[in-house]
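Below is one structure, written out as structure tokens, with a few remarks after it.
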Amino acid sequence: MSDPAVWRPATSEIPTVAGVYRFIDDQGRIIYVGKANSLRSRLTSYFSDLASLHPRTQRMVTSASSVEWTIVRNELEALQLEYTWIKQYEPRFNVKYRDDKSYPWLCVTWNEDYPRVFVGRGTKKKPWRYFGPFAHAWAIRDSIDALLGVFPMRSCSNGVFRSARSSGRPCLLAHINKCSAPCVGRITQEDHRQLVTDFCTAISGKTSAFLDQLDQEMAQHAEAMEYEKAGIARDKSQALRRVMEKNTVVLADSDDLDLIALVVDPLEVGVQVFHVRAGRIVSSRNWVAERQAGPHDQDDDPGADLPDLVEAFLLQIYSDVVQEDAARLIPPMILVPVLPHSAAVVSTLLSQLRGSPVVVRVPKRGDKKTLLDTATKNAAQALEVHKTRRASDLTSRNQALDEIAQVLSMDEVPLRIEGYDISHIQGTHTVGSMVVFEDGLARKSEYRHFTINTVESDDVGAMKELLTRRMARLRDEQEVINQGAEGIIDSTTRTARRFSYAPSLIVVDGAGPQAQVARTVLDDLGFESVVVVGLAKRLEEVWIPGQQYPLILKRSSPALYLLQRVRDESHRFAVTYHRQKRSRSMTQSLLDGVPGLGEVRRKALMKAFPSLKKLRSASVEDIAQVPGFGPALAQGVVEAVGEKPRAINMTTGEVLD
């Protein structure tokens, strides 16, 4: 019996989206499969007080040694994937499925003179057409009821059909226009067969032609002021759209394939694999691997070498397959996010191993593309969980801080690290960011952003102003605090304390020039004891002022990982603020020509709608609620921001005539 408190995942690691989870025992066996609309809400309920759980749930949780999950797009997909895995793994705690009760399917009796549609379970007859399985019997019955309003084919049993034919009176469905009444000859056999064909086409997901036709009918009836007929066409269109919700965890074409998704950052790569057999995901796995230095590391984009990573993955995973198992473990199709540079050679090699053709390709559209997107989300989530665990692990943080102190020859570990970055477009709207890490963890309450006023447009000049303002204020506030120690304390002193802690280490985003200007500013202001490094992108080189060559740390180094997190966080914070500022500038440029919109009303408008996107999505009524605005002025604002100007200067945000 295990203690769930030992192996339970941190709440912050569990996503809040829909998905399927698996409890696994110490032998690696899946003992329970479940689904949830919110994985975090469901899984945390298992780790509450054990005494409050059902006895069977208690046994399941204490028998497990780990829990894994796979995220999907919605609860319907979660239910379908749960069904697939319960049938495959037969977990011993999923007792409610041991009666082998299957999910319902939809059937069309294709070989009858007047085919009918119904919902059933169990064995299937070969001449008939089947669709599904579906989540709930009542749900698919509701779907059939909606579709019959668009394609009124027969849905009654053979007994009811014969009774109506002998009496010459159709059933109620014919009176409410949900059956074309072939029993009394209201439709020919050929026309009814066409209805059945259209119904099958629609239930298969190929609805675009029908939807276009219904939309055209609705527009024609509305133009002719036949509003009742337009409403009928509208209702049919809505019914068809409601029924045709796509379910991509079960592919329609029953393919055998492996689907591979990769998400990369400069140091690591998250991998997600879906093994699909007969159109169903029979298993999935994800992990995080260390990236090796490659020829594309000089690029700013960490995904520049994604084709190389895909090729290495394919060769490493499938080349070790034993010949006897190759036909089973190597599928005829492998879907990847990008093709490797030598895709033809890789396909040839895998085909030789399998003994039959293997295609490696990138899905462009349809269910396979949607499933690849789902796999990519899982890979990204796995990478994020890995990074969160690594960052929050006390041992890893201590190792990182100790290694930083060692490689930088610091007397003490850097308990407070500050990161700085500059963001601008061609020297305009220049902003800077400051982020703070204490004990290896981000302290977001200490983050600051700066508007750069320097006339110099380069990053070095902007970095000089940013650090000068920050360190000069630090010096002044330390003087205030020192005076307070002698008895001069006021409210300013208490406010200043939040910003008055000196960093042990400063990390600037950039190479030698940025690091050198930071060193100069610190020396001029009397902070010689603060260590400065620049962390350049590309090869992740650590630049130390005064040294000709950068310091190269191992890519698996905890110190490099922490420095990278500081650099990336400062970059993210700067870019976010820059985008907000540029959006406000573009909004102000668009509003310059609105009559009656002065400075006071403009500020009130910007406060209510701080971004151009929010302002464009606001209605006249929404804007009229802002103090000082009436319907006429609100209409002028909507017209100004709703128009698409011929051009916008992306440097200044100015609208060009």
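The values are calculated or read from the model by the stated rules, or taken from the named source; none is laboratory data. The model shown is predicted, which means the values in this text are computed figures rather than measured ones. Cβ atoms come from the backbone with ideal geometry, glycine included; neighbour counts cover every protein chain shown. Heads up: the accessible areas ignore ligands, DNA and RNA and are worked out on the full protein's heavy atoms, side chains in. Shrake-Rupley method; radii C 1.70, N 1.55, O 1.52, S 1.80 Å.
Among the residues that make up the range 559-576, is at least one of them in a loop (DSSP other than H, G, I, E, B) and of a type outside the set (A, V, I, L, M)?
First, pick out the residues of the range 559-576 that are in a loop (DSSP other than H, G, I, E, B): none.
No, the range 559-576 has no match at all.
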Is it the case that the range 90-104 has a residue that's assigned to a strand (DSSP E or B), out of contact with any helix residue (DSSP H, G or I) (no Cβ under 9 Å at 6 or more places or on another chain) and either at pLDDT 75 or above or among the acidic types (Asp, Glu) (or both)?
no
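Could you check how many residues of the range 587-608 are charged (D, E, K, R), open to solvent by 50 Å² or more (accessible area, probe 1.4 Å) and either modelled with pLDDT of 80 or more or not in a loop (DSSP other than H, G, I, E, B) (or both)? Explain how you work it out, then say what you get.
First pass over the range 587-608, keeping only residues charged (D, E, K, R): 592, 599, 601-603, 607.
Filter once more, keeping what is open to solvent by 50 Å² or more (accessible area, probe 1.4 Å): 592, 599, 601, 603, 607.
Applying the additional criterion that residues be either modelled with pLDDT of 80 or more or not in a loop (DSSP other than H, G, I, E, B) (or both) yields 599, 601, 603, 607.
Adding up the residues that qualify gives 4.
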Taking the condition open to solvent by less than 30 Å² (accessible area, probe 1.4 Å), in contact with a helix residue (DSSP H, G or I) (Cβ under 6 Å, 6 or more places away or on another chain) and β-branched (Val, Ile, Thr), does VAL542 pass?
no
Scan the range 414-432 and give yes if some residue there is touching a residue at least 40 places away in the same chain (Cβ under 8 Å), closer than 30 Å to LEU259 by Cβ and surrounded by fewer than 21 Cβ atoms within 10 Å (Cβ to Cβ), otherwise no.
no
For the range 267-281, check the following and say yes or no: at least one residue is at pLDDT 75 or above, of a type in the set (S, T, N, Q) and farther than 17 Å from PRO363 by Cβ.
no
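Here is a yes/no grid of residues against (1) at pLDDT 85 or above; (2) in contact with a Pro (Cβ under 9 Å, 6 or more places away or on another chain):
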| site | (1), (2) |
| --- | --- |
| ILE144 | no, no |
| CYS156 | yes, no |
| GLY168 | yes, no |
| ALA174 | yes, yes |
| GLU190 | yes, no |
| VAL196 | yes, yes |
| SER208 | no, no |
| ASP212 | no, no |
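Take the residues of the range 20-34 that are more than 19 Å from the chain's Cα centre (by Cα) and in a strand (DSSP E or B): which is nearest to ALA78 (Cα to Cα)? Outline the logic, then answer.
At the first step, the residues of the range 20-34 found to be more than 19 Å from the chain's Cα centre (by Cα) are 22-34.
Right, trim to in a strand (DSSP E or B) and you get 22-24, 30-34.
Numbers: ARG22: 12, PHE23: 16, ILE24: 18, ILE30: 17, ILE31: 18, TYR32: 15, VAL33: 11, GLY34: 9 Å.
Among those that are more than 19 Å from the chain's Cα centre (by Cα) and in a strand (DSSP E or B), it is GLY34.
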Going by the conditions given, is THR348 touching a residue at least 60 places away in the same chain (Cβ under 8 Å) and not hydrophobic (A, V, I, L, M, F, W, C)?
no
TYR501: passes all of (1) open to solvent by 30 Å² or more (accessible area, probe 1.4 Å); (2) closer than 24 Å to PHE573 by Cβ; (3) touching a Lys or Arg at 6+ places or on another chain (Cβ under 7 Å); (4) at pLDDT 85 or above but (4)
Looking at (1) in contact with a strand residue (DSSP E or B) (Cβ under 7 Å, 6 or more places away or on another chain); (2) exposed (fewer than 14 other Cβ atoms within 10 Å of the Cβ), find the lone condition where VAL17 falls short.
(2)
Condition first: touching a residue at least 40 places away in the same chain (Cβ under 8 Å) and in contact with a Lys or Arg (Cβ under 9 Å, 6 or more places away or on another chain). Can you find one or more residues in the range 376-384 that meet it?
yes
Helices (runs of 4 or more DSSP H) wholly inside the range 316-407 containing at least 2 residues that are among the hydroxyl-bearing types (Ser, Thr, Tyr)
343-354, 366-392, 394-407
Take GLU82 and decide whether it is among the acidic types (Asp, Glu), touching a residue at least 40 places away in the same chain (Cβ under 8 Å) and within 24 Å of SER283 (Cβ to Cβ).
yes
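Regarding THR370, is this residue out of contact with any Ser or Thr (no Cβ under 9 Å at 6 or more places or on another chain), surrounded by fewer than 20 Cβ atoms within 10 Å (Cβ to Cβ) and either within 19 Å of LEU259 (Cβ to Cβ) or not small (Gly, Ala, Ser) (or both)? Please lay out each step first, then the result.
Numbers: out of contact with any Ser or Thr (no Cβ under 9 Å at 6 or more places or on another chain): no; surrounded by fewer than 20 Cβ atoms within 10 Å (Cβ to Cβ): yes; either within 19 Å of LEU259 (Cβ to Cβ) or not small (Gly, Ala, Ser) (or both): yes.
In short, no.
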